[in-house]
Every structure is written in structure tokens, then in C-alpha cells.
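The values are calculated or read from the model by the stated rules, or taken from the named source; none is laboratory data. Just so we're clear, the structure is a prediction, and the values are computed from it rather than from any experiment. As a convention, Cβ positions derive from the backbone with ideal geometry for all residues, glycine included, and neighbour counts pool all protein chains shown.
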Amino acid sequence: MSRCLSDRTLLSIDDGEGSSVQRIHLQECETCAARYRQLSRDLEAITQVLREQPPPLAATDSARPFALRWLPGAAVLALALLLVWQACGNGRVQPCLLP
Amino acid sequence: MTLRPKPVSYEGLYAAHHGEVLRLCRLLLANHHDAEEIAQEVFLKVHQEFQHMNQPQMMSWRPWLVRVSVNACRDRRRSGWWKWWRAGAQEFDEANYANAIKTPEETLLSRETQGRIWRAFQELSARQREVFALRYVDEWSTEEVAQMLGITTGSVKQYLFRAVRHLRRVLGERK
């Protein structure tokens, strides 16, 4: 087997799978062996971080479109204005809040 | 030979698995308070099961706990859209993150990397998070993950591959 192993195959070998041909290739090919070691190191690092006490939240505000961030607030404000407008008799009488 | 579950009490079950359930919920929800609420709900269900089942102490509880926790987290994500909306506005708190590396430079790099990993993990789909958390963090086998989530082992491998590819890409950006 001369072709190097795919990332998917390396992951399946890490999962305890993979054919004997693939395992032999992994032993003989220095490039694939180095990629496999790097995969193991990366998985270990990721798992270690996730096992520790996680931060309160990992999401960031920047991922959300600007308009959507203000949508709930704008909706509440619009509803409040509508209620005030209705309480004042749909604008036909003097504003109830003014002296 | 078939391994039979050891008899357990509710208190013993809570002591043995509460930390694990809480960690899983934190991973899936990325919110400490929600995770604690869900963990409480899960153990309330355990308590109810103990009252209603014939021989609850002989049941294999760990897979059951994982299934109930994953489903409860899924329900929370679906029902609590407003909470998620609000939660998204908060930034990653690097200051609260414990670090064992000594030098300030290493600490800074490591915190940055940890933050990247956490953000990348939250960018995964809900199913990818569930599969990765169960397979690598909780160390269940691929077959067990498939059984607990009600999907095929092929699907588990597919979700895992995509999750690992995304997380490694983010991890590789620092190098």
C-alpha cells in the first residue's frame, strides 16, 4: 500500500479500527505516523480542555448579525410604545402623560 | 459471562455520577446554571425511577443517565431559545479559567488556545457535540454512543470525523 492514509482512516485507527494493511502502512510510512501522532496529541489536548471546568459561556456576540442582536429589544420597545399610544386614546386626545 | 450491575442506592448513584452528569450538561449547554438545573432534573427522574421500578438498584444506570441527560439538554436547547439568545451575548471568560502552566507567556497562549477550543466546540452542531463529548470526554465506545443516541455507528463516526476536523482546524490556527 503506497498511498498515504486519509484523516478519516487515521481517526478510525485511533478508534481501534482500520485494516491490517492500513496498520502496516502506518508503521512503515513516517509521514502517516507523524500525522497519526499529531492527531493523538490534538485529541488529547482538546479532550483535556473540555474535561476541565468549562468557562461560563463559549459563544461570542460577534457570531450574531448586528440587526438580530437588537431585534428583541426593539420589539419590546415597539410594544411598549403601542400600549402607551392605545392608553392615550389612539392619539385623538391630549397625551395622558403630559400635564 | 454477562456482567450484572452491582446493586446501588440512590445516594450511591448520586455520589458516583452527579459530577459526570453535570460535566456532560455543561459541555452540551455551555452554561453553568442551566447545566446545574438539568443535572438536578436528571436526578429527580432517577429518584422517581427508584420509587416506581421493581428492582431499580439492579439496573445499569450509567447509560440511562447519559440518555436522560442528553435528552434533557436537547429539550432545554429547544425550549429555552430566549436564554440562548441572551447567553450568546456573553463573552468567554478567560479569567475564570484555571491554568497549570507556569510562565505568563505560556499561560496566555494556553488560555487563548483553551478559549479557541471552547468556542470551536460550541460552533459544532448539537449532535456533533453530543457524539464528541460521549466518545472522547466520557470515553464511551462508538457502539455505546450509537446505542445511547439511537443512531448508527456509521453516523457516530461521521459526526466524530466532522467534529474532530473542525476542532483540529481551530487548534491548528495557533501553530
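Remarks
- Identity of the residue in segment A:1-45, assigned to a helix (DSSP H, G or I) and among the small types (G, A, S), that ends up surrounded by the fewest Cβ atoms within 10 Å (Cβ to Cβ): A:S20
- Among residues of segment B:111-146, those that are within 16 Å of B:C73 (Cβ to Cβ), over 10 Å from the mean Cα position of the chain (by Cα) and at the interface with another protein chain (Cβ under 7 Å from one of its Cβ atoms), counted: 2
- Restricted to helices (runs of 4 or more DSSP H) entirely inside segment B:116-175, those with at least 3 residues that are surrounded by fewer than 19 Cβ atoms within 10 Å (Cβ to Cβ) and not aliphatic (A, V, I, L, M) are B:142-149, B:153-172.
- Counted residues, segment B:48-100 - those being modelled with pLDDT under 80, aromatic (F, W, Y) and assigned to a helix (DSSP H, G or I): 4
- Residues of segment B:121-175 that turn out to be aliphatic (A, V, I, L, M) and touching a Pro at 6+ places or on another chain (Cβ under 9 Å), as a count: 1
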